[in-house]
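Student: Sending over a structure as structure tokens; questions will come in a sec.
Since every read-out is calculated from the coordinates, none of them should be taken as a lab result. This one's a predicted model, so the numbers in the text were calculated from it and none came from an experiment. Counting neighbours? That spans all protein chains shown, and the Cβs are built from the backbone with ideal geometry, glycine included.
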Amino acid sequence: MRESNMQQNQMNQANILVVDDEPDIRELVRDILEDEGYKVTVAENGQAARKSFAKHAHDLVLLDIWMPDVDGITLLKEWSSSGGLECPVVVMSGHGSVETAIEATRLGAHDFVQKPISLAKLLSIVSQALEAGQKTGKPQSTAGPISVEPIGSSALMQVLRNKSEQAAQHDLPVLITGEKGSGRENLARFIHVQGKRTGEFVTLDHCELSQQNALAYLLGGEDPSGGSEPGGVFARAREGTLFIPELEELSGEALKILSQILEGERGSKNLVCRLIASAGPNILDRARDDDRLQQMYYRLNVLPLQVPPLRERPDDVPELVRFYAETFPNSENLPYRAFSVAAQNRLRNHSWPGNIRELRNLVQRLLVLGGDGEVSLGEVEEALLQSPSEPVNGPTDHPPLFDLPLREARENFEREYLVFKLKEAGGSVGKLAESVGMERTHLYRKLRALGVDSKK
């Protein structure tokens with residue numbers, strides 16, 4: 001007990017550097033930490049943080065990512081380039097992104113705090129980071145990427161965010177359904193970060209679970225008393241969240257062992273972690289034909305959430321495109337390129353069978369392989385042709401256009417037809433109007449509606 005109290009006193013005397021260009025947040029965090037007995041130094045921008053880090057010894061750094069002069073990722077790269085960070089670094093951001101968080105944790109950041117800042121969450125993370133630094137003499141990075149608020153201003157996404165925030169305030173199981181690539185794991189991480197639990201977000205690995213040591217992977221090995229030794233995923237997720245992806249893909253044996261653990265028949269009866277699972281949209285049909293899957297489905301489907309496919313929220317596409325176009329230059333050192341309105345409109349009207357994952361990869365490809373300046377409609381058309389769309393359930397013996405709703409299929413055909421005829425006309429709208437038999441004023445309206453820029 002005396003050793004624990006001494007350790008707590010040492011932690012409370014820690015010197016913490018708070019780096020944020022927003023005065024209100026900077027002062028708020030300083031006041032909170034000083035009230036807890038910590039010594040606090042503040043830096044109003046990246047340059048000030050650089051000087052303070054070089055001159056003084058800090059026990060912890062709270063680092064904002066987005067600053068006007070030097071961003072947080074750049075500072076992390078500098079500080080970690082000499083063989084590792086000298087103290088734990090916790091990243092703070094009001095514009096969280098999975099890519100930026102992955103980059104930050106790769107560079108050694110201990111954890112991530114999303115703005116607006118929760119007092120309890122901040123103090124818990126600060127305490128954990130300082131304790132980790134004391135135990136090892138080095139900062140320890142948390143496992144896995146940190147959550148980002150699901151992107152999109154459509155009515156569908158506003159409802160989903162509201163329901164997710166409500167679910168986060170309770171410890172009941174959550175089942176997230178949706179197509180592959182739609183952002184189910186990201187939503188699970190968002191719920192974890194928004195919740196009250198302070199432990200890790202741990203993802204169950206199907207490959208490990210399918211091996212003969214499935215029980216040891218889950219519980220870390222059983223002792224004679226029926227408890228569990230440290231090391232299993234349930235132990236790692238203690239006071240945190242255990243995420244079970246692709247629930248319907250688990251084997252019958254894996255479902256059996258999981259059920260026994262959750263029923264308290266194996267391992268400790270006090271497995272304190274939240275359960276979130278993801279599944280495809282046909283999970284209920286699969287569950288009707290599989291008793292074990294059906295039991296697990298009803299156990300986890302307490303708070304159901306459904307992630308809409310990207311084709312059902314096309315108005316969110318330009319926002320997602322801008323988000324990735326602004327994120328990749330920081331996280332992957334790619335060139336920054338804005339997307340023209342015509343290019344954004346074309347992407348908005350794409351069917352996106354691969355959902356957000358397909359969009360993300362396409363933006364990445366255009367930034368890497370494209371030229372300088374604005375991303376044009378022509379570049380987008382070429383990129384889409386290089387990765388032809390297939391229906392979500394796999395290839396068929398009919399054109400992909402046939403799998404679209406009539407309105408979307410007609411728009412896609414009209415766009416491709418007019419772009420082809422416009423090239424034939426040498427870019428002349430007058431000649432195009434004659435060729436397709438349309439009055440020029442109506443043709444201009446049609447081209448604008450389809451996102452076709454006749455000048456390019």
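Student: Between Ala120 and Asn45, how many nm apart are label points set 7 Å from Cα along the C-beta direction?
Tutor: Once both label points are built, they end up 3.8 nm from each other.
Student: Now, a different point. Determine the alpha carbon to alpha carbon distance for each of Lys51/Lys77; Lys55/Lys77; Lys39/Lys121 and list only those over 21 Å.
Tutor: Distance filter (> 21 Å) returns an empty set.
Student: For a test of the definition: using alpha carbon positions, the gyration tensor, and the 1.5 limit on a/c, classify the stretch 240-307 as rounded, prolate or oblate.
Tutor: It is oblate, given that a/c is not under 1.5 and a/b is not larger than b/c.
Student: Then there's this: I want to check the label-to-label distance for Glu208 and Glu414. Put each point 7 Å from Cα in the C-beta direction and report it in nm to one decimal.
Tutor: Label at Glu208, label at Glu414, 5.3 nm between them.
Student: In nm, to one decimal, how far is the modelled label at Tyr298 from the one at Asn162, with both set 7 Å along Cα→Cβ?
Tutor: Taking the simple label geometry, Tyr298 and Asn162 are separated by 3.1 nm.
Student: Right, something else. Evaluate E = 1/(1 + (r/R0)^6) for Gln13 and His170, where r is the Cβ-Cβ distance and R0 equals 35 Å; express this FRET efficiency to the nearest 0.05.
Tutor: Working from the Cβ atoms, E equals 0.40.
Student: List the aspartates and glutamates whose Cα lies under 13 Å from the Cα of Lys446, skipping any in the same chain that are fewer than 8 positions away.
Tutor: Counting by Cα, and skipping residues close in sequence, Lys446 has these aspartates and glutamates nearby: Glu411, Glu414, Glu416.
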